[in-house]
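Everything below concerns the one structure shown next.
The values are calculated or read from the model by the stated rules, or taken from the named source; none is laboratory data. Only a predicted model underlies this, so the values are computations on that prediction, with no experimental measurement involved. Cβ sites come from the backbone with ideal geometry, for glycine too, and all protein chains shown count toward neighbours. Heavy atoms of the whole protein, side chains included, go into the accessibility calculation; ligands, DNA and RNA do not. Shrake-Rupley method; radii C 1.70, N 1.55, O 1.52, S 1.80 Å.
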Amino acid sequence: MGRPNEEVGALLQEYADLISITGGEAYKARAYEKAARAVGGYHEDISRLDLSGLQQIPNVGKSIAEKILEHLQTGTVPAVEELRAKIPAGVRQLTAIPTLGPKKAVVLYEELGIASIDELVDAIHAGKLHGLKGFGSKTEENILHGVELMQQAGDRVHLAVALELAEDIVAEMSQVTGCERCTYAGSLRRMRETIGDIDILATSGAPAVLMDAFTTASYVDEVIAHGDTKSSVRTTKGLQVDLRVVAPDAWGAALQYFTGSKAHNIRTREIAVRQGLKLSEYGLFDAETEEKIVSETEEEVYERLGLPWVPPALREDRGEVEAAVRGELPDLVARLVTEDDIRGDLHTHTDLTDGLSTLEQMLEAASTRGYEYYAVTDHAPNLYMQRMSDEKVLAQRERLRALDGKYGEMRLLHGSELNIDPDGNVDWPAEFLQGFDVCIASVHSHFNQSREELTRRIVRACENPYVNIIGHPTARLIGKRPPIDADLDEIFEACARTGTALEIDSFPDRLDLKDEHILRAKRYGVNFAIDSDSHSTRHLAFLRYGVGTAQRGWLTRDEVINTWPLDRLRAFLRKGRPSRP
Ligand code: DGT
Ligand code: CA
Ligand code: CA
Ligand code: ZN
C-alpha cells in the first residue's frame with residue numbers, strides 16, 4: 001500500500017535529521033531536507049521513475065536518486081540503517097518536539113544521557129538543564145510547551161493521513177470475496193481535523209474471509225484483536241483500524257451509530273426514548289415489544305425519529321439536532337457548501353517562491369479540476385527567504401496574462417500572499433498592490449505578540465483596501481504551533497465591516513480557520529474563501545479537507561466567495577479600493 005512520494009519524503013527527512021544528530025555536515029543535512037520536500041510534493045508517482053527520471057526531481061542528484069531507488073526496490077537503505085543504529089530511538093523522538101531541533105537533542109543525549117521525552121520533562125523539572133549551553137529558561141519553557149502540544153495531539157493523526165489510508169483499505173476490502181458493502185465511519189466520516197482511530201464497516205456473505213484478509217493485509221504491523229465480526233489492527237504507521245462486519249439489514253443503524261459523534265448519538269437516542277423507541281447499532285426498536293422497526297438505511301432511522309438525515313460533518317451536538325427538530329435543517333443542508341460548488345482556488349504557489357511545481361504545471365493541474373478561475377499567489381518580498389522581488393512578480397504577471405485563455409474556460413488571476421508585519425502593514429505600497437487581482441495577507445512571523453498587538457495588527461490588515469483575504473487566520477500548525485492569541489471576535493467584526501474574507505486554509509496541518517471558529521465568524525456575516533494553499537500540483541486536492549471543515553462550521557455556499565461566478569467575485573475583490581485612473 002503506498003504513497004511512495006510521501007513515504008520516501010519522510011525517509012529522506014529522517015536521514016537529514018540523522019545526519020544532524022550524528023554530527024554530519026550541515027550542508028548534507030540541508031540537501032536531504034530539500035530533497036525530502038521536493039520528493040514529497042513531486043507531481044509524478046516516483047515509484048514509476050528510473051534513476052534518470054528521479055534525477056529530474058528538483059534537488060535530487062545522483063546519490064540521492066540511488067538511495068531512493070534502493071528503497072523502492074529493496075525496502076531498505078543501508079546508509080539510513082547505519083545511522084539509525086547509532087542513535088537510540090528515544091533521541092529521534094526528541095527531535096519531534098516542536099522547537100527542539102536535532103542539534104539540541106544530541107546535546108541532551110550526550111551531556112545528560114536523556115533518551116526519551118519523559119526523561120527530558122523530568123530533567124527540566126529537576127533543574128538539570130540549568131547551565132547547559134544553549135538552554136536558557138525560555139528554551140525550557142518552549143520545550144515544555146512543545147511537549148504539551150504533542151501530548152494534546154496524542155496519538156491522533158491528521159485527517160488527510162487517515163483518510164488516504166482508509167480509502168485504500170476500503171478499496172482493498174471491497175475486492176475481497178463475499179464483501180457486499182464497505183465504508184469508513186467514525187470521526188473520519190465526520191471530517192474531524194485529527195483522527196484517533198479508523199472505523200471501517202462492512203457487510204459480507206463470508207465474514208471470516210474478510211477478517212482474514214484484513215488482519216493479513218500489507219499495512220498491518222500488529223493484530224490487536226481477530227474476531228468473527230470485529231477485528232482491530234495497528235498499521236505500520238502506528239494507527240489503529242477497527243473493522244466491523246454487520247448484518248446487511250442493520251447497515252443503516254450501524255452506520256449511524258459508528259459515525260457518531262458520541263454526543264450526537266446520545267441526543268438521537270434521547271429522542272428515540274421520548275417516543276417509546278430504542279436506538280442501538282442493531283436498529284431502531286419498539287421499547288416495549290422489542291420489535292425492530294427500521295435499520296436498513298440511515299435515512300430511515302432518522303426519518304422514523306422524525307428527523308431529516310443529518311450530514312456527518314454536522315453530527316457534533318452543536319445544535320444540529322435542535323435545528324432538525326425545529327425543521328430548519330433541510331434548508332441548511334440544501335445550501336451546505338460542497339466541493340462541487342467551488343469554482344476556483346484563490347491561494348496557490350509556484351516554484352517562483354517555495355512551491356515545487358512550475359506555473360504551467362499548476363495551471364494544467366488546476367484546469368483538469370474543472371475550475372472556472374484560478375489565482376496564483378506567490379509569497380511577497382518581506383518573507384526574505386523566498387527571495388521575491390518586484391521584477392520577478394511582474395514577469396510572472398506577464399507570463400500569466402499570456403497564458404490566460406490557454407486553459408479552456410479557466411480564467412487566471414494574479415495575486416500575492418502578503419505578510420502582515422508586526423504593525424499590521426503589508427508588503428509593497430498601494431500603487432504596486434493595485435496591480436494585483438487578489439491579495440491574501442497572512443501572519444508569518446512575530447506569533448508571540450500580545451493579544452492587543454496581534455488583534456490590532458490583523459484588524460489593520462483588514463482595513464487595507466487591497467487586502468481581500470486573511471490567510472490561515474490563526475497561523476496554527478496542528479500538533480506543532482498553537483493558534484495566535486488574538487481577539488477573534490474583533491477580527492471577525494473587522495472582516496465583516498471591511499469586506500475582507502477569512503480563509504479556510506485546506507492544508508491538512510493547518511485547517512485554519514477551524515470548524516468552531518467558522519461557526520462563530522458566521523454570526524458576524526463574514527465571507528470565507530476555501531483555498532488549498534497548494535505548493536505542488538498534488539496539493540490542489542487538499543481542498544476537500546477545507547470543504548469538510550467548512551461543513552463542520554455549517555457554511556453555506558453563498559458565504560464562500562470562491563463559489564461565486566467570476567464577475568461577482570471580481571466585484572468583491574474591488575473592495576473599497578479607489579477606482580483605477
Ligand atoms: P476518534 O476515533 O477518537 O477520532 O473519534 P470517533 O468519533 O471515531 O470515536 P470512536 O472510534 O471511539 O468510536 C466510533 C463511534 O462509535 C463514535 O463516534 C460513536 C460510537 N461510539 C463509541 N463509543 C460510544 C458510546 O459509548 N456511546 C455511544 N452512544 N456511541 C459510541
Ligand atoms: Ca474512530
Ligand atoms: Ca474506533
Ligand atoms: Zn502563508
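Less than 26 Å apart at the alpha-carbon level, and either on another chain or at least 8 residues along: which lysines does that give for Lys28?
Lys62, Lys67, Lys86, Lys103, Lys104, Lys133, Lys480
So what J values fall out for segment 210-216 if you push phi through Karplus, 6.51 cos²θ - 1.76 cosθ + 1.60 with θ = phi - 60°, rounded to Hz, Gly and Pro as x?
Coupling constants for segment 210-216: 5, 4, 5, 4, 5, 6, 10 Hz.
Residues with amide H under 5 Å of Phe528's amide H, sequence separation 5 or more or different chain, H placed in the peptide plane at 1.01 Å from N; which?
Amide H to amide H, under 5 Å and 5 or more residues apart or across chains, Phe528 pairs with Leu502, Val560, Ile561.
Please give the solvent-accessible surface of Met173 in Å², to the nearest 10, using a probe radius of 1.4 Å with every protein chain present.
0 Å²
Roughly speaking, what % of Cα-Cα pairs in segment 157-246 are separated by over 23 Å, rounded to a whole number? Could you put the intermediate results ahead of the total?
Numbers: 536 of 4005 pairs.
When all Cα pairs of segment 157-246 are counted, 13 percent exceed 23 Å.
How large is ³J(HN,Hα) for each residue in segment 140-150, as worked out from phi by the Karplus curve 6.51 cos²θ - 1.76 cosθ + 1.60 (θ = phi - 60°), to whole Hz, x for Gly and Pro?
Result, rounded to whole Hz: 4, 4, 4, 5, 4, 5, x, 5, 4, 4, 5.
Reported to two decimal places, what Rg/Rh ratio describes the chain when computed on Cα atoms with Rh from the Kirkwood expression? Spell out each step's value before the answer.
Working: Rg = 25.7 Å, Rh = 26.2 Å.
Value, to two decimals: 0.98.
With a 1.4 Å probe and all protein chains kept in place, how much accessible area does Lys406 have, in Å² rounded to the nearest 10?
Probe radius 1.4 Å; accessible area of Lys406 about 140 Å².
Does segment 251-327 classify as rounded, prolate or oblate by the C-alpha gyration tensor (a ≥ b ≥ c root eigenvalues; a/c under 1.5 gives rounded; else a/b over b/c gives prolate, otherwise oblate)?
Numbers: a/c = 1.74, a/b = 1.40, b/c = 1.24.
The shape class here is prolate.
What is the sum of charges around Gln361, taking Lys and Arg as +1, Asp and Glu as -1, for the other residues whose C-beta is under 11 Å from the C-beta of Gln361? Walk me through the numbers before you get to the answer.
Numbers: positive: Arg538; negative: Glu44, Asp351, Glu360, Glu364.
Summing Lys/Arg as +1 and Asp/Glu as -1 gives -3.
Please turn the phi angles of segment 557-566 into ³J(HN,Hα) values with the Karplus equation 6.51 cos²θ - 1.76 cosθ + 1.60 (θ = phi - 60°), one per residue in order, whole Hz, x for glycine and proline.
4, 5, 7, 10, 5, 8, 9, 7, x, 4
Asp228: accessible area at probe 1.4 Å, nearest 10 Å²?
Probe radius 1.4 Å; accessible area of Asp228 about 130 Å².
Can you list the residues, at least 5 places off or on another chain, whose amide H is less than 5 Å from the amide H of Ile224, using H built in the peptide plane?
Ser232, Val233, Arg234
Enumerate the amide H contacts of Glu180 below 5 Å, restricted to partners 5 or more residues apart or on another chain; note that Pro and chain-start residues carry no placed amide H.
Thr203, Ser204, Gly205
Ranked by accessible surface with a 1.4 Å probe, highest first, in what order do His158, His264 come?
Ranked from most to least accessible, the order is His158, His264.
Looking only at the chain, where both bridge partners belong to it, what percent of the DSSP beta bridges are antiparallel (to the nearest 5)?
Just about 45 percent of them are antiparallel.
For segment 94-175, list log₁₀ I(q)/I(0) at each q in 0.23, 0.24, 0.27 Å⁻¹, using the Debye formula over Cα point scatterers of equal strength and ignoring solvent, two decimals each.
-1.06, -1.13, -1.36
Aspartates and glutamates near Lys406 by alpha-carbon distance under 15 Å, same-chain residues fewer than 8 away left out - which ones?
Partners found: Glu360, Glu364, Glu372, Glu398.
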